[in-house]
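A.B. asks: Supplied in structure tokens, the structure appears directly below.
The values are calculated or read from the model by the stated rules, or taken from the named source; none is laboratory data. In this text the structure is predicted, and so the values were computed from the model without any measurement. No Cβ is skipped: glycine too gets one built from the backbone with ideal geometry, and neighbour counts run over all protein chains shown. When the accessible area is computed, the model is the full protein with side chains, heavy atoms only, and any ligands, DNA or RNA have been set aside. Shrake-Rupley method; radii C 1.70, N 1.55, O 1.52, S 1.80 Å.
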Amino acid sequence: RKADAVTGQTKGIVKNIVDRGFDEKKVHLITNGVDTEFFKKENRDDEFRKSIGIENKFAACYGGIHGLAQGLEVIINAAEILKDKENIQFVFVGDGPEKKKLIDMVNNKGLKNVTFLPVQPKANMPRIIASMDASVIPLKKLDLFKGALPSKMFEALSTELPIVLAVEGEAANLINEAKAGIVVEPENSKAMADAILKLAEDVELRRTLGSNGRNYVMKNYSRDTITKKLEDILENIKR
């Protein structure tokens, strides 16, 4: 109540603050963003693709924590649906409490179309993301996540990767507004598999969605744009 300005990372957070009786004139939306010079499609590395066996494949990537909130088994089940599509490979990058369970699922199902990579230094991520063909971003189907904006979403948009988003609420609205991906129902493996297959079979669609995403993030979520917005808020505080 004593602050001159309050910021929230999502529209849902901002609304929650205002709904609690705080002055909406001093509550501002300052979202996560991305360094658009750090994450860009020019970082694509064909040698890296070859080193992990995806040089002639469509690679759908999940990069991030392998935790309970993400419900990553939906990706494994989608991979099982698409196991006969030899040109499609699912790539997991990262670690977390659910990783062993996911690896066990893949082994038990006898899947050959799923690759697990270890946690990577931040400096490696622009090259890894740019070397993929689509980004898969899921969360559990919970009301809690309807106000979430996963930061990995902005990295994919900046890199011109089409996104398969299995998240409800604010994130889904963003991807639909940007026309930068395909939004599917959370925890729905069939819908996810259909979306990935559609992208794998349509190069022009991938290019269009990717270009849309880059343009949208440059306008709304680049670090430079967000920094300027925060600067304006600070300069307009009246003392």
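A.B. asks: Suppose the filter is in a helix (DSSP H, G or I) and either over 24 Å from E201 (Cα atoms) or out of contact with any His (no Cβ under 7 Å at 6 or more places or on another chain) (or both); does K85 pass it?
C.D. replies: Working: in a helix (DSSP H, G or I): no; either over 24 Å from E201 (Cα atoms) or out of contact with any His (no Cβ under 7 Å at 6 or more places or on another chain) (or both): yes.
Taking the combined requirement at face value, the residue does not satisfy it.
A.B. asks: Being closer than 21 Å to I52 by Cα, hydrophobic (A, V, I, L, M, F, W, C), crowded, with 17+ Cβ neighbours inside 10 Å and in contact with a Cys (Cβ under 8 Å, 6 or more places away or on another chain): is that true of A200 here?
C.D. replies: Taking the combined requirement at face value, the residue does not satisfy it.
A.B. asks: Tell me, please, whether a residue that is open to solvent by 50 Å² or more (accessible area, probe 1.4 Å), at pLDDT 95 or above and under 18 Å from the mean Cα position of the chain (by Cα) can be found in segment 133-140.
C.D. replies: So far as segment 133-140 goes, yes, one or more of its residues are open to solvent by 50 Å² or more (accessible area, probe 1.4 Å), at pLDDT 95 or above and under 18 Å from the mean Cα position of the chain (by Cα).
A.B. asks: Additional query: Those residues that are β-branched (V, I, T) and free of Cβ contacts under 8 Å to residues at least 60 places away in the same chain, I need them from segment 171-209; list them, please.
C.D. replies: I175, I182, V183, V184, V203, T208
A.B. asks: A follow-up question, please. Among the residues of segment 178-197, what is the count of those that are open to solvent by 20 Å² or more (accessible area, probe 1.4 Å) and of a type in the set (V, I, T)?
C.D. replies: Summing the residues that are open to solvent by 20 Å² or more (accessible area, probe 1.4 Å) and of a type in the set (V, I, T) in segment 178-197 gives 2.
A.B. asks: Still on this structure: Any chance you could count how many residues in segment 11-28 are assigned to a helix (DSSP H, G or I) and either open to solvent by 70 Å² or more (accessible area, probe 1.4 Å) or not basic (K, R) (or both)? Working first, answer last.
C.D. replies: Filtering segment 11-28 for residues assigned to a helix (DSSP H, G or I) gives 11-19, 24-26.
If we keep only those that are either open to solvent by 70 Å² or more (accessible area, probe 1.4 Å) or not basic (K, R) (or both) as well, we get 11-19, 24-25.
Within segment 11-28, residues that are assigned to a helix (DSSP H, G or I) and either open to solvent by 70 Å² or more (accessible area, probe 1.4 Å) or not basic (K, R) (or both) number 11.
A.B. asks: Among the residues of segment 83-130, how many are open to solvent by 40 Å² or more (accessible area, probe 1.4 Å), small (G, A, S) and modelled with pLDDT of 95 or more?
C.D. replies: Going through segment 83-130 one residue at a time, the tally reaches 1.
A.B. asks: Is at least one residue of segment 193-203 modelled with pLDDT of 95 or more, of a type outside the set (S, T, Y), farther than 16 Å from I137 by Cβ and in a loop (DSSP other than H, G, I, E, B)?
C.D. replies: Scanning segment 193-203 turns up at least one residue that is modelled with pLDDT of 95 or more, of a type outside the set (S, T, Y), farther than 16 Å from I137 by Cβ and in a loop (DSSP other than H, G, I, E, B).
A.B. asks: Return a yes/no flag: does segment 205-214 have any residue that is more than 27 Å from D84 (Cα to Cα), open to solvent by less than 40 Å² (accessible area, probe 1.4 Å) and outside any loop (DSSP other than H, G, I, E, B).
C.D. replies: Within segment 205-214 (the criterion being more than 27 Å from D84 (Cα to Cα), open to solvent by less than 40 Å² (accessible area, probe 1.4 Å) and outside any loop (DSSP other than H, G, I, E, B)), the answer is yes, since at least one residue qualifies.
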